[in-house]
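The values are calculated or read from the model by the stated rules, or taken from the named source; none is laboratory data. Computed from a predicted model, the values in this text were never measured in an experiment. Glycine gets a Cβ as well: all are built from the backbone with ideal geometry, and neighbour counts include every protein chain shown. Just so you know, the surface numbers come from the protein's heavy atoms only, side chains and all, with ligands and any DNA or RNA stripped out. Shrake-Rupley method; radii C 1.70, N 1.55, O 1.52, S 1.80 Å.
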Amino acid sequence: EAGVTQFPSHSVIEKGQTVTLRCDPISGHDNLYWYRRVMGKEIKFLLHFVKESKQDESGMPNNRFLAERTGGTYSTLKVQPAELEDSGVYFCASSQDQGGTQYFGPGTRLTVL
Amino acid sequence: EDQVTQSPEALRLQEGESSSLNCSYTVSGLRGLFWYRQDPGKGPEFLFTLYSAGEEKEKERLKATLTKKESFLHITAPKPEDSATYLCAADNYGQNFVFGPGTRLSVLP
């Protein structure tokens, strides 16, 4: 069974540019989560999808971040325009049930210069 | 505010030297306590889930235990390949996990 995959693995962009991160969850997992780890800090929750619906987006830092999950399969996280403080590693996770074990992808390392 | 702390921040052990990692949590309600292992450049890899005080889970050289306020990850006779960052996370009946900062474990041959 394929695990959670994320693309790209690394992205380096200039401040003010736009970046889109993609996550493909484990097949059949309705729950999809986005997390972020900035340098020296713990992993922090961003948002949670159940199928194509946003269940909780309380962790999204501001309106420069837009997450979508069209069709309830893969998800994208767009940052527009990117700021220096957006640098970090963005993780995606999926679970079969809410409250169940979350399986994480390898992450996307975003560097904003 | 829900919070998870871990200690120590870093731990160096000699191969075969057993020890324990601590995860303390303060959450409004605990649905489950999760342990993950993270290697450099990779995502967290699931190890254990504990749901109630007194519960224990084992896997190879690792054993996780849970009380009402904390969880321990005991490492027995560790090997160099056990070197990693160990993360704990609390599911607080919310929509997400609250992660601790992790313990960086180095096992020297």
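For chain A, what proportion of DSSP beta bridges, expressed in % and rounded to the nearest 5, is antiparallel?
About 90 percent, rounded to the nearest 5.
Using a 10 angstrom Cβ neighbour count of at most 15 plus a DSSP loop assignment to flag exposed trypsin sites (Lys or Arg not before Pro), which longest range of chain A is free of such sites?
My reading of the result: A:65-113 is the longest stretch.
Mean separation of Cα pairs under 8 Å and 6+ residues apart, divided by the residue count of chain A: what relative contact order is that in percent?
After rounding, I find 37 percent.
Relative contact order (percent) for chain B, with alpha-carbon contacts under 8 angstrom and 6 or more residues of separation?
38 percent.
Got the relative contact order for region A:70-113 handy, in percent, Cα pairs under 8 Å and 6 or more residues apart?
41 percent
Add +1 for every Lys or Arg and -1 for every Asp or Glu among the other residues with Cβ under 14 Å from the Cβ of A:Pro106, and state the total.
Once all neighbours under 14 Å are counted, the net charge is +2.
Note every residue of region A:16-46 with a reduction of at least 20 square angstrom in accessible area, all protein chains present versus the isolated chain, computed with a 1.4 Å probe, or write none.
By number: A:Tyr35, A:Arg37, A:Glu42, A:Ile43, A:Phe45.
Between chains A and B, what is the buried accessible area in Å², counting both sides, with a 1.4 Å probe and ligands, DNA and RNA left out, to the nearest 100?
1500 Å²
If you put +1 on each Lys and Arg Cβ and -1 on each Asp and Glu Cβ, how big is the dipole of the protein assembly as shown around its Cα centre, in Debye rounded to 20?
Result for the protein assembly as shown is approximately 240 debye, rounded to the nearest 20.
Could you state the number of Å between the C-alpha centres of region A:1-72 and region B:75-100?
Between the Cα centres of region B:75-100 and region A:1-72 lies a distance of 21 Å.
Residue by residue through region A:4-14, what is 3J(HN,Hα) from phi via Karplus (6.51 cos²θ - 1.76 cosθ + 1.60, θ = phi - 60°)? Round to whole Hz and write x for glycine and proline.
Along region A:4-14, the couplings run 6, 10, 9, 9, x, 7, 9, 8, 10, 9, 8 Hz.
Loop only per DSSP, at most 15 neighbouring Cβ atoms within 10 Å: give me the chymotrypsin sites (Phe, Trp or Tyr not before Pro) in region B:1-84, ordered by residue number.
B:Tyr51
Alpha carbons only, please: Rg and Dmax for chain B, in angstrom.
Expressed in Å, the Cα Rg and Dmax of chain B come to 13.3, 42.
From the residues B:Asn22, B:Gly54, B:Thr5, which one has its Cα farthest along the dipole of the protein assembly as shown in the positive direction, the dipole being from +1 and -1 charges on Cβ of Lys/Arg and Asp/Glu about the Cα centre?
Farthest towards the positive pole: B:Thr5.
List the GluC sites (Glu not before Pro) within region B:58-101 that DSSP assigns to loop and that have no more than 11 neighbouring Cβ atoms inside 10 Å.
Qualifying residues, ordered by number: B:Glu60.
Between A:Gln96 and B:Glu58, take the C-beta separation as r, use R0 = 25 Å, and let me know the FRET efficiency to the nearest 0.05.
My answer for the efficiency is 0.60.
So which GluC sites (Glu not before Pro) in region A:1-110 pass both tests, a DSSP loop state and at most 12 other Cβ atoms within 10 Å of the Cβ?
Here the sparse-neighbourhood loop sites are A:Glu1, A:Glu14.
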